[in-house]
1. Helix 109-118 versus the longest principal axis of the chain: what angle, 0 to 90°, nearest 10, using Cα atoms?
2. List the trypsin sites (Lys or Arg not before Pro) in the range 52-130 that DSSP assigns to loop (not H, G, I, E or B) and whose Cβ has at most 11 other Cβ atoms within 10 Å. Which are they?
3. Considering every pair of different Cα atoms, what Kirkwood radius, in Å, is found for the chain?
4. Using alpha carbons only, how many degrees (0 to 90, rounded to 10) separate the axis of helix 92-102 from the longest principal axis of the chain?
5. Starting from the Cα-Cα distance between Met1 and Val82, subtract it from 0.36 nm times their residue separation and give me the gain in nm to one decimal.
6. In the chain, which longest range has no GluC sites (Glu not before Pro) that are both DSSP loop (not H, G, I, E or B) and surrounded by at most 15 other Cβ atoms within 10 Å?
7. How far is it, in nm, from the label point at Thr117 to the one at Glu98 when both lie 7 Å from their Cα along the line to the Cβ?
8. Dipole magnitude of the range 4-200 about its Cα centre, charges +1 at Lys/Arg Cβ and -1 at Asp/Glu Cβ only, in debye to the nearest 20?
Amino acid sequence: MSLLEITGAAVGDERTPSLAPFSAALPLDRPAFVAAEGDRGPMLASLIAAGRLVPDRGQVLLDGRTDEAALRRAVALVDTPVVAEPAPSLPVRSVVREELRFASRPSGRRDAEALLTRVGLERWGRAPLLDLPPTERLRLLLELAALREGVRALVLTSPERHGGHASGWRRLAAEFAERGLPVLVIGGAAVTESSPTTQTTGTLR
């Protein structure tokens with residue numbers, strides 16, 4: 001059974017939807033990849049997958065059950081534009097401290113530096129988030145989201161928008177799944193290219 005299962009979820013009028021019906025399944029032991037067309041498609045699909053937006057049609061199941069509150073607790077959004085995207089001008093250390101506070105963890109300067117050292121990014125502490133290489137940015141944001149209490153899955157939105165090689169964020173998604181925290185990656189067509197676990201939405205407008 002999939003940890004997370006989305007069936008025919010859609011937003012807006014059936015004839016002119018903001019998000020056409022899409023389906024996805026996230027296993028417990030590996031990542032999954034979903035392509036969503038349109039500027040807002042990946043964001044809307046991510047919000048639905050994480051329980052932050054109730055679809056007008058379709059359903060989202062966690063452990064085979066409909067439970068919106070449990071879904072919101074269990075699934076964390078990562079780097080979702082507008083909703084969960086850190087300001088690019090913020091120093092990396094400030095981003096870490098803010099996320100540590102959000103996770104109800106100690107968030108002093110030394111706490112942030114310790115985390116950056118643990119993930120091999122200590123030299124980037126004073127740099128703006130914008131300067132972090134794409135794979136390192138995503139690794140950091142995934143690690144921070146994983147610290148939140150009760151989180152069982154991560155939804156990573158449009159990692160391809162930062163450039164870099166797709167192999168980088170694909171590898172990250174696989175690593176987190178091996179650690180018991182599966183990742184659902186939702187983005188444009190590049191997200192599903194050459195992926196063995198590709199899932200595709202309908203047309204988005």
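Any read-out appearing in this document is the output of simple, stated calculations on the displayed coordinates, not a laboratory observation. Quick caveat: nothing in here was measured; it's all calculated off a predicted structure. So basically every Cβ, Gly included, is an ideal-geometry build from the backbone, and we count neighbours across all protein chains shown.
1. Taking Cα atoms only, the helix is inclined about 70 degrees.
2. Arg126
3. The answer is 17.1 Å.
4. Approximately 60 degrees, to the nearest ten.
5. Value of the extension gain: 26.0 nm.
6. Formally, the longest exposed-site-free interval is 15-148.
7. 2.5 nm
8. Values: 25 positive and 25 negative charges, 132 e Å.
Result for the range 4-200 is approximately 640 debye, rounded to the nearest 20.
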